[in-house]
Structures are given as structure tokens and as C-alpha cells.
Amino acid sequence: MNILHLFFISIIVSGSLYPVFALDTPQVCDPSSQPPRGRWPSSHIYIKDTDGNMPFFPLIYHTAILHDDDVWNTSTQPRIVRVTLTIQNQDGQQVFNQTQSLQMKACSGPESVKWRFVPIQIADYTAKVSDDRGNVGMTFNSMLDATKSQTVSSPLEQLRFGIDSHGVVCKQDLQLVIKSEDDSPACVKSSTATILISQGWTSSRIINNTWAIKQTAQETINLVDDHMGEIAMNKNGTVSAIETISMHIQNFPAFSLPVVFKVFYTNGTLYKTEQIPSDNIQPNGYYKYNLTISSTDASNVFGEHHVSAEYNGNIGEILIRITPPP
């Protein structure tokens, strides 16, 4: 009589049983299929114009294409890799935030993504690309186009690029209007904008990115000193003061315009201008503004400071008195 013997071989690791055939599954990607170690390559973030030319210095009201050709899936499983581009202007205000998603095979790369960005002011910008491997940034500045030739994308294209309806840029001599029914943008001549407003197609138009609103209730801006100040004397001789100002915009219309704060030294000269995104304002129009004034000259800090807040053509003002510590 023949006896059939069955054998099952297992390996014990940390008290668990693993069949030998499980060892054939790779736990990490092969190094040859992975991004090189060390510094981020220049292909991780760079700028071209719409024709693919570089180097390119972005011009205001022109479309710039930001590229990332260094997208990798370092996982042993196929998955969606998300890459986010954020751009801030020189005042620290975020002007662009868009995420691209790529379906990638396991242990694959590099792949490419790109974004379209239209600067609307002469400014210094900071761009940052982020993915699950980390983030890398670059700075660039936009310049005035001396030829004044406009190559701005259409309003619908700008919407697809992630630009808000109220932030759409129109070609020269055209004005942006927003359709009342569905908040969609259009670029029209000034005479056409007037007709559309009279017909009720739109209740607003933007002239050079400044709102001209036809309103039923005018908003007003009230500023109140919370008297919660702090004084700091730094070792380098700098004197700093912090005050909190409560702002309330009555009949607050939630447009994409920023609230512009201006702070003046005690001698009347402008100390700083700061833009607060309207998204930071509560729906009821309330906002806490933290005012910081620093100077090596104490006379610039202690005394009365003129502070103003402007929104949609309306201005609120207040005098803030900062007194030296006893």
C-alpha cells in the first residue's frame, strides 16, 4: 500500500505564520524605478509660455504654464497621485490653489502635470508644488507687457483653470460682468455692460478688477479697538505693539474682493497695506484684525495711528492709541 505524505512549509516571523510563496511579493519598489535621491530636479517646477517657450517671465494678463515633470508613484500598488500647486503674492495672499490627480501604475514615473496661471498685478509670487513625497517651491515675478498685446484665455477657459468667476481677467478694453442667474462670467464692452445691467442680466461689473456695484443696500464698515494691546521691547532696539481691531461690514456682500487695511505711523506716513481675502470674513461681516506695528524709533509706535479698511469702494476708519508701558 502506497502512503501519500503532504507537507506544508511555513516560516514563523514575530509569532506569525507566512507561507513561503508570500515571499515572492515585493514589499518595496525596485530602486531603478524610483526617483533619484538627493535634491529635487529642476523638472519638478518650472514655467513656460503658452507656446512652450522658456525661459519665460510671466507678463500680467498673460497665461503662464507651470509644469511638474517629476511625479512618481513610489507605492507597490497602483493608485491616484495628487499634486497641488499653490501660489501666493508678495502680501502673503493666496491667489491660486489647484490639485491635479493622476492614476499611476505601481512603482512608476516620472509623469507630468501642468497648471495655467494668469497674474493680474505686477508682483513677486511664491509657487509651491506639493505631493506625498514633500514639497518644493520657487519664486517668480510678473512684469508689464510693453507691447500691450493681450493673449488672455476666454472666461470659460479660465474657469476650467480654477479661477473664480469674479477673478476672471478680460482682454484690454473689455469689462467683466457676472450673470445674475448662475454667476457665470462674460467679457463685454462698456456700453454692452450698461445695457446688461439695465436689462437685469447682471447687477454688477468689474472695471480693471474694481467692483462697480448696483446695490439695493449700501454696506458700511465699522472699526472698534478691542484694547487688547501688547508691547514688546526687543534686544535689537525694535519696539513692537500688537492691537486687535474688530471690523463689521453691514450688508456684507460676499464677493471675491479682498478687504484692504492701511496702517499709518503717528507722523501720518503709510506704514503698511495688507489685503485680507473675503473668504476670511464671516458671513455676517465680522472679522478680527491683528494689527502689529514695529520700529526702531519708539515715536513711530507710541501715539495715535490712523487705520482704514476698504471694501467694495467703502471705507471705515479709526484712530488707535498706543501708550508706552509704565
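One table, with the values for the structure above:
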read-out	value
Magnitude of the charge dipole, segment 274-326, Cβ model with Lys/Arg +1 and Asp/Glu -1, debye to 20	180
Stretchable slack from Met233 to Asn314, in nm (0.36 nm times residue separation minus alpha-carbon distance)	25.6 nm
Rounded to whole Hz, the Karplus (6.51, -1.76, 1.60) HN-Hα couplings of segment 220-226, x for glycine and proline	10, 10, 10, 10, 9, 7, 7
Karplus 3J(HN,Hα) series, Hz, for segment 285-300 with 6.51 cos²θ - 1.76 cosθ + 1.60 (x for Gly, Pro)	x, 8, 7, 9, 9, 8, 9, 10, 10, 9, 6, 7, 9, 4, 5, 7
Descending principal axes extents, segment 66-139, alpha-carbon based, whole Å	44, 19, 15
Cα-derived Rg to Rh of segment 220-322, Kirkwood definition	1.00
Estimated inter-spin distance, Glu304 and Lys114, nm [label 7 Å along Cα→Cβ]	5.8
Virtual spin-label span in nm between Ile122 and Gln93, 7 Å along Cα→Cβ	1.8
Residues in segment 80-100 reached by a label modelled at Asp132 [backbone nitrogen below 12 Å; 7 Å Cα→Cβ]	80-83
About the Cα centre, charge dipole magnitude for segment 222-326 (Lys/Arg +1, Asp/Glu -1 at Cβ), debye	140
Euclidean distance between Cα centres, segment 220-250 to segment 295-326, Å	8
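We did not get these values from a lab; they are worked out from the coordinates using the rules stated. What you see is a predicted model, and the numbers here were worked out from it, not measured in a lab. A quick note on method: Cβ atoms are made from the backbone with ideal geometry, for glycine too, and the neighbour counts reach across all protein chains shown.
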